[in-house]
Amino acid sequence: MPEIQKGSTPALLGQSPAILRVREELRKAALTGVPVLITGESGTGKELAARQLHELSDRRGQAFVKVNCPAIPHQLFESELFGHEPGAFTNAREAKAGKFEAAHRGTLFLDEIGELDLALQAKLLHALQDFQVVRLGALTERTVDVRLICATNRSLEAEVASGGFRSDLFYRINVLRIEMPPLRERPSDVPVLMNYYIRAYSERFGGNRGTLSASLSRLLEAYHWPGNIRELENLAKRFVVLGGEEYVLSALRQPDETYAPSLETVDLSAPLRVQTKRAVQNLERKIILGVLQANKWNRRKTARSLDISYRALLYKIKEAGLPQVRPSRVPPRDAESNPEMESIM
């Protein structure tokens, strides 16, 4: 595993073209103070990228203030962002600075800004016009100096077109844009990230400190990662806490694209039920073969990983036309009847 650079965030580790592009864009954005919009699917590391941008900027010694936009109740939005004075509302017994003031001279990170309803968007836009805020119950404006970073997993262009997001707010926050790539578009980084999290959680939990086998690494690189880095991190926790690759394998879901045959495999003369059966059989064969390889052809471990009986696995191996033992290796004559012999195959 490559050496991890000091200050790097997990989501930005790796040497794939996609993540190298992100790192370069963050480096360039850090040289300016203009607003940045970070987009991408859930779990791709948008918040980690925002924190990295803050650490690369000249504001690194100041506060990084995160606001989870959908988590703020509508009635508390102004108080949370702009602060309030004593008596501004019931139970407001003392003055309180809002998130904007807390981020003064630092960075304000508005996470999932696409979730804000239109009424709250208008209030936010007013504050962003000239970065002046008025606490609830106050009469004077307070000028704040913040670096604004926003993030969303939505297409804000589509939201603007449908009327769900204000166009003026969109243009205010969308000065520089950085797109976080999904994990499936950077497969070469998967083993790096997985080993990083295994090492990190081994130190925290004192569990399995092993590294990934080559076969499991290949499977992880081929996986479609619907949950992106967040899903990978959870699998690393399973590996460390539960203590083995079979617990990673049992949690993997098969890529969606394997369910869709390519045009070359479609038989225009066969009924749907026949082609569906063939596709399912082909998919099952790929899964069984992959798990067998990951378990070094130990069929009992493979059966446990797939949560089926050992007899059922032997039947499926035969039905799929797979070799009964590891290719180029002949088992002892009584291996089938001796569980102890099976465990060392």
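Just checking, does region 74-87 include any residue being modelled with pLDDT under 85, outside the structural domain of TRP225 (by TED's automatic domain parsing) and part of a strand (DSSP E or B)? Scanning region 74-87 turns up at least one residue that is modelled with pLDDT under 85, outside the structural domain of TRP225 (by TED's automatic domain parsing) and part of a strand (DSSP E or B).
If you go through region 35-71 and keep only what is surrounded by fewer than 18 Cβ atoms within 10 Å (Cβ to Cβ) and more than 18 Å from ASN153 (Cα to Cα), you end up with GLU55, LEU56, ASP58, ARG60, GLY61, GLN62, ALA63.
Evaluate region 307-325: report whether one residue or more is closer than 21 Å to ARG218 by Cβ, of a type in the set (D, E, K, R) and either in a helix (DSSP H, G or I) or modelled with pLDDT of 50 or more (or both). No: zero hits.
This table checks each residue for (1) assigned to a helix (DSSP H, G or I); (2) among the charged types (D, E, K, R); (3) farther than 30 Å from LEU125 by Cβ.
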residue: PHE165; (1), (2), (3): no, no, no
residue: PHE170; (1), (2), (3): yes, no, no
residue: TYR197; (1), (2), (3): yes, no, yes
residue: THR211; (1), (2), (3): no, no, yes
residue: SER217; (1), (2), (3): yes, no, yes
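Inspect all residues belonging to region 107-121 and state whether any of them is in a helix (DSSP H, G or I), buried (at least 17 other Cβ atoms within 10 Å of the Cβ) and of a type in the set (Ser, Thr, Tyr). Within region 107-121, not a single residue is in a helix (DSSP H, G or I), buried (at least 17 other Cβ atoms within 10 Å of the Cβ) and of a type in the set (Ser, Thr, Tyr). Confirm whether ARG51 is more than 26 Å from VAL134 (Cα to Cα) and of a type outside the set (S, T, N, Q). The answer is yes for ARG51. Taking region 131-153 as the range and being surrounded by 15 or more Cβ atoms within 10 Å (Cβ to Cβ), of a type outside the set (A, V, I, L, M, F, W, C) and part of a loop (DSSP other than H, G, I, E, B) as the test, the residues that pass are ARG135, GLY137, ASN153. For region 23-34, the criterion of a residue being farther than 30 Å from THR211 by Cβ, in contact with a Lys or Arg (Cβ under 8 Å, 6 or more places away or on another chain) and assigned by TED's automatic domain parsing to the domain that holds THR152 is satisfied by at least one position. Checked against the criteria, GLU257 does not count as more than 31 Å from the chain's Cα centre (by Cα), assigned to a helix (DSSP H, G or I), at pLDDT below 70 and charged (D, E, K, R). Confirm whether LEU128 is farther than 30 Å from TRP297 by Cβ, part of a helix (DSSP H, G or I) and more than 19 Å from the chain's Cα centre (by Cα). Here the answer is yes, as LEU128 does meet what is asked. Please go through region 90-106 and give me each residue that is in a loop (DSSP other than H, G, I, E, B), under 30 Å from ASN153 (Cα atoms) and in contact with a strand residue (DSSP E or B) (Cβ under 8 Å, 6 or more places away or on another chain), ordered by number. Once the filter is applied, which keeps residues that are in a loop (DSSP other than H, G, I, E, B), under 30 Å from ASN153 (Cα atoms) and in contact with a strand residue (DSSP E or B) (Cβ under 8 Å, 6 or more places away or on another chain), region 90-106 yields GLY98, ALA103, GLY106.
Here region 13-22 is the region considered, the condition is being buried (at least 19 other Cβ atoms within 10 Å of the Cβ) and part of a helix (DSSP H, G or I), and the residue that is farthest from the chain's Cα centre (by Cα) is VAL22.
One residue alone among ARG142, ARG154, ARG172, ARG147 is among the basic types (Lys, Arg), assigned by TED's automatic domain parsing to the domain that holds PRO86 and within 17 Å of SER79 (Cβ to Cβ), and that residue is ARG142.
Kindly indicate whether HIS54 is assigned by TED's automatic domain parsing to the domain that holds ARG27, modelled with pLDDT under 95 and not aliphatic (A, V, I, L, M). For HIS54, the condition - assigned by TED's automatic domain parsing to the domain that holds ARG27, modelled with pLDDT under 95 and not aliphatic (A, V, I, L, M) - is not met. Can you find even one residue in region 296-312 that is farther than 20 Å from SER215 by Cβ and hydroxyl-bearing (Ser, Thr, Tyr)? So far as region 296-312 goes, yes, one or more of its residues are farther than 20 Å from SER215 by Cβ and hydroxyl-bearing (Ser, Thr, Tyr).
The values are calculated or read from the model by the stated rules, or taken from the named source; none is laboratory data. Computed from a predicted model, the values in this text were never measured in an experiment. Quick reminder, even Gly has a Cβ in these numbers, built from the backbone with ideal geometry, and neighbours come from all protein chains shown.
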